[in-house]
Every structure is written in C-alpha cells, then in structure tokens.
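Structure first, commentary second.
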Amino acid sequence: MGKDVIVACDFAGKEQTLEFLSLFTDRKPFVKIGMELFYAEGPEIVREIKKRGHKIFLDLKLHDIPNTVKKSMAVLSRLDVDICNLHAAGTVRMMEAALEGLTREDGTRPLLIAVTQLTSTDQESMENDLLIHEPIDKVVMHYALNARNAGLDGVVCSPLEAEKVHSICGRDFLTVTPGVRFADGDIGDQKRVMTPAAAKEIGSDYIVVGRPITAADDPVAAYKRCCDEFIG
Ligand code: C5P
C-alpha cells in the first residue's frame, strides 16, 4: 500500500456515517473507524463500509494479555479490515501474539500498527501516573523499535515524529500520522499540527484527517484538496 489519506469517521452512529460516506461517489476514501462507532454499531458497520468499497483502518487499540489479544485479532482479521492497531505498552510478547492471531490460514493479514504513547500523555503524567522516568521522545522511539522487532508494520505517531521513527526503524516502517490541518484551517483541540503538504515532505506514509474533512462545508472538495497536497 502506498501513501494515502485516511478519513477519521468520528461519528456517533451508522446513519450519520453512511450519509457522510455517500457523498463520495467518485474516489472512495480510506476510512478510520474508532471505538465510539464500533461499540455503538458493532462489526456490521465495518462490513457495510467495506461493502461500499472503502478500505478500513479499525482503530480499537487493543491492550490485554497476549492470548486474549491473539484471539481478538483473529476476529478482526476475519472482518477483512486493512489496518488495525494495539498499544505497544502491552509488551513485545503481546504484539507477537497479535500478529499470530491476525495472520490468516493463507498467510495474508491486515497491516498491524502500534500506538506508542498517546498524545494525551505528557511527561508529567507519564512520570506521576505510570512511573516512567525517561524522556517521552525516548519512550516513543523505544516503543516503536519494540513494535518493529515484534514484526509490526508501523506506528501511529505525530507528523513531527515521523522522520525520527523512519531513521530509527527504517524507511519501510509505516508512520500513520494524525494532527493534520490545512494552512488556512481551524486547528481545534490539536496542539501540534502539520499541513498535508508538510506531512508529505517529512515522509508520513498515511495521514489521518478528521474534522478538516468531516466538518467542511464541502467534504468531497476538502478530501480532494488533502489528496492533492499529500499524494500529489
Ligand atoms: O478531527 P481530527 O483531524 O483532529 O481527527 C484526528 C483523528 O486522529 C481522531 O480520530 C483522533 O482520535 C485520532 N488521533 C489523534 N491523535 C493521536 C491519535 C489518534 O488525533 N495521537
């Protein structure tokens, strides 16, 4: 899979999501489905969106004992999603088990990427709540290396970390980056943002874009602008 724009469908329910997706009659965007929509609608929403011709990143961020994650990943693999993810904090053994579960009998599997430290976690909460005393960027890169060593395909990271992840984990290790905004757009609650063009420049493999597209007056035009800037 090459560079692509993934649209974060952060809607509360099926109706709103399908209404939004039906605007796209030409090119069908790669779609991210998160916990809110998945827990509200169940696996059927994944089947429905897949049936309409979209690729799917199922963003459920699994984190449990290796055996449970392995079995759950086998279920997601049968749903035929294209990318799924987990928390690198679950350990290398958990990530290896996840890959095993994800791999189908014919050897194919969805891409598997890891969340390192959530961007909502800062140095202070990491130290006070998690008792991790290393600098946060060192922790992020260590978790990314663990993911690569476990055989995963990449990480979710800030566009600002993408270059460093590639230099440490290799150019083929995927960086999937949210926090993207148009130069003339609202940044909302995102703190550190980058334009699609800048994300392309620093080597992001996939950008995850929500509100700049979902809340735009013309979502199809906003999606096209994003693709033009990022993919060219
Ligand atoms: O609307 P917006 O473009 O900010 O949406 C970005 C998407 O990426 C949301 O689904 C958000 O949950 C997700 N995300 C993020 N930052 C992270 C990880 C995921 O914004 N560090």
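Here is how the numbers come out for the structure above:
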quantity: Hits in segment 47-75 - residues which are of a type in the set (Gly, Ala, Ser) and surrounded by fewer than 18 Cβ atoms within 10 Å (Cβ to Cβ); calculated: Gly53, Ala74
quantity: Whichever residue in segment 169-222 is hydroxyl-bearing (Ser, Thr, Tyr) and within 9 Å of the ligand (Cβ to nearest atom) and, among such residues, is surrounded by the fewest Cβ atoms within 10 Å (Cβ to Cβ); calculated: Thr214
quantity: Matching residues in segment 111-124 - criterion: being part of a loop (DSSP other than H, G, I, E, B) and in contact with a helix residue (DSSP H, G or I) (Cβ under 6 Å, 6 or more places away or on another chain); calculated: Thr116, Gln117
quantity: Selection status of Thr119, at pLDDT 95 or above, in contact with a Gly (Cβ under 9 Å, 6 or more places away or on another chain) and surrounded by 12 or more Cβ atoms within 10 Å (Cβ to Cβ); calculated: no
quantity: The one condition in (1) hydrophobic (A, V, I, L, M, F, W, C); (2) outside any helix (DSSP H, G or I); (3) over 16 Å from the mean Cα position of the chain (by Cα) that Ile207 fails to fulfil; calculated: (3)
quantity: Test: residue in segment 131-148 that is β-branched (Val, Ile, Thr) and more than 16 Å from the ligand (Cβ to nearest atom); calculated: yes
quantity: Positions within segment 125-152 being among the charged types (D, E, K, R) and either outside any helix (DSSP H, G or I) or more than 23 Å from the chain's Cα centre (by Cα) (or both), in sequence order; calculated: Glu127, Asp129, Glu134
quantity: Among residues of segment 159-168, those that are open to solvent by 40 Å² or more (accessible area, probe 1.4 Å) and among the β-branched types (Val, Ile, Thr), counted; calculated: 1
quantity: Restricting segment 13-34 to residues that are more than 13 Å from the ligand (Cβ to nearest atom) and aliphatic (A, V, I, L, M), the residue that is surrounded by the most Cβ atoms within 10 Å (Cβ to Cβ); calculated: Leu21
quantity: Count of residues meeting criterion [more than 16 Å from Leu58 (Cα to Cα) and in contact with a strand residue (DSSP E or B) (Cβ under 7 Å, 6 or more places away or on another chain)] in segment 95-109; calculated: 1
quantity: Looking only at segment 35-46, and only at residues there that are at negative phi and loosely packed, with under 13 Cβ neighbours inside 10 Å, the one that is nearest to the chain's Cα centre (by Cα); calculated: Met35
quantity: Selection from segment 162-197 of residues that are outside any loop (DSSP other than H, G, I, E, B) and in contact (Cβ under 8 Å) with a residue 40 or more places away in the chain; calculated: Ala162, Glu163, Leu174, Val176, Val180, Pro196
quantity: Subset of segment 13-34 [over 15 Å from the mean Cα position of the chain (by Cα) and not polar (S, T, N, Q)]; calculated: Gly13, Lys14, Glu15, Leu18, Glu19, Phe20, Leu21, Leu23, Phe24, Asp26, Arg27, Lys28
quantity: Pairs where the first residue, in segment 103-129, is closer than 22 Å to Thr177 by Cα and the second is away from the ligand (no atom under 16 Å from the Cβ) and open to solvent by 50 Å² or more (accessible area, probe 1.4 Å), C-beta under 6 Å, 6+ apart; calculated: Arg109/Thr103
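The values are calculated or read from the model by the stated rules, or taken from the named source; none is laboratory data. Only a predicted model underlies this, so the values are computations on that prediction, with no experimental measurement involved. Cβ coordinates were reconstructed from backbone atoms using ideal geometry, including for glycine residues, and neighbour counts include every protein chain displayed. With ligands, DNA and RNA removed, areas are computed over all heavy atoms of the protein, side chains included. Shrake-Rupley method; radii C 1.70, N 1.55, O 1.52, S 1.80 Å.
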